[in-house]
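J.: Let me give you the structure first, and then I'll get to my questions.
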Amino acid sequence: RYDVVDWKTGRRPTGREAEVAAVQLAVYRLAWAELAGVPVDRVGAAFHYVREGVTVRPTDLLDADGLTALIGGVPEFPPGGGAPGNP
């Protein structure tokens, strides 16, 4: 078993912010498993908040399929422009 730990100096997020942060951790976990050549289910992941001395291990990290679905759901911007309605 392996662990990827992302050390943070800022405050610990809550609610929706914590859910968004967990996506970052899921990407790190998947990338490390791929680079190390180990199955992703053998890689855990956590945030360590230095200021608070607290380690948080999200239990519902996305896997490769979940991350792919998340990215696939992001709307595309029109060529040469910003977000729709925002040139």
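J.: Taking R0 as 41 Å, what FRET efficiency do you get between L70 and V50 from their Cβ-Cβ distance, rounded to the nearest 0.05?
T.: For R0 = 41 Å, the calculated efficiency reads 0.90.
J.: Right, another one. When the helix-only estimate is applied to the chain (DSSP H runs of n ≥ 4, each -39,500 (n - 2.57), divided by the residue count), what is the mean residue ellipticity at 222 nm, nearest 500 deg cm²/dmol?
T.: -11500 deg cm²/dmol
J.: A follow-up question, please. Which of L62, L25, L70 ends up with the largest GNM mean-square fluctuation for the chain, with Cα atoms connected below 10 Å?
T.: L70
J.: Here is a follow-up. Mind giving me the nanometre distance, one decimal, between the label points for Y28 and D60, set 7 Å out from Cα along Cα→Cβ?
T.: Taking the simple label geometry, Y28 and D60 are separated by 2.1 nm.
J.: Suppose the chain between V4 and V38 were pulled fully straight at 0.36 nm per residue; how much longer would it get relative to their current alpha carbon spacing? Write out the running numbers ahead of the final one.
T.: On the way: separation 34, 0.36 × 34 = 12.24 nm, distance 1.28 nm.
Contour length minus Cα-Cα distance gives 11.0 nm.
J.: For helix 15-36, report the angle its Cα long axis makes with the longest principal axis of the Cα atoms of the chain; keep it between 0 and 90° and round to the nearest 10°.
T.: 70
J.: Another question about this same structure. What value does region 13-72 have for Rg/Rh, both radii from Cα atoms and Rh as Kirkwood defines it?
T.: Working: Rg = 12.1 Å, Rh = 12.2 Å.
Result for region 13-72 is an Rg/Rh of 0.99.
J.: For a footprinting-style exposure proxy, rank V43, V74 by other Cβ within 10 Å, fewest first.
T.: By the 10 Å Cβ count, ascending, the order reads V74, V43.
J.: Just in region 1-74: which trypsin sites (Lys or Arg not before Pro) are loop by DSSP and have at most 12 other Cβ atoms within 10 Å?
T.: Loop-located and lightly packed - R1, R11, R51.
J.: Provide F47, F77 in ascending order of the number of other Cβ atoms located within 10 Å of each residue's Cβ, fewest first.
T.: With the fewest neighbours first, F47, F77 line up as F77, F47.
Computed from the coordinates by the stated procedures, all read-outs in this text should not be read as laboratory data. Everything quoted here is computed from the prediction, not taken from an experiment. In this analysis, Cβ positions are derived from the backbone assuming ideal geometry, glycine residues included, and neighbour counts consider all displayed protein chains.
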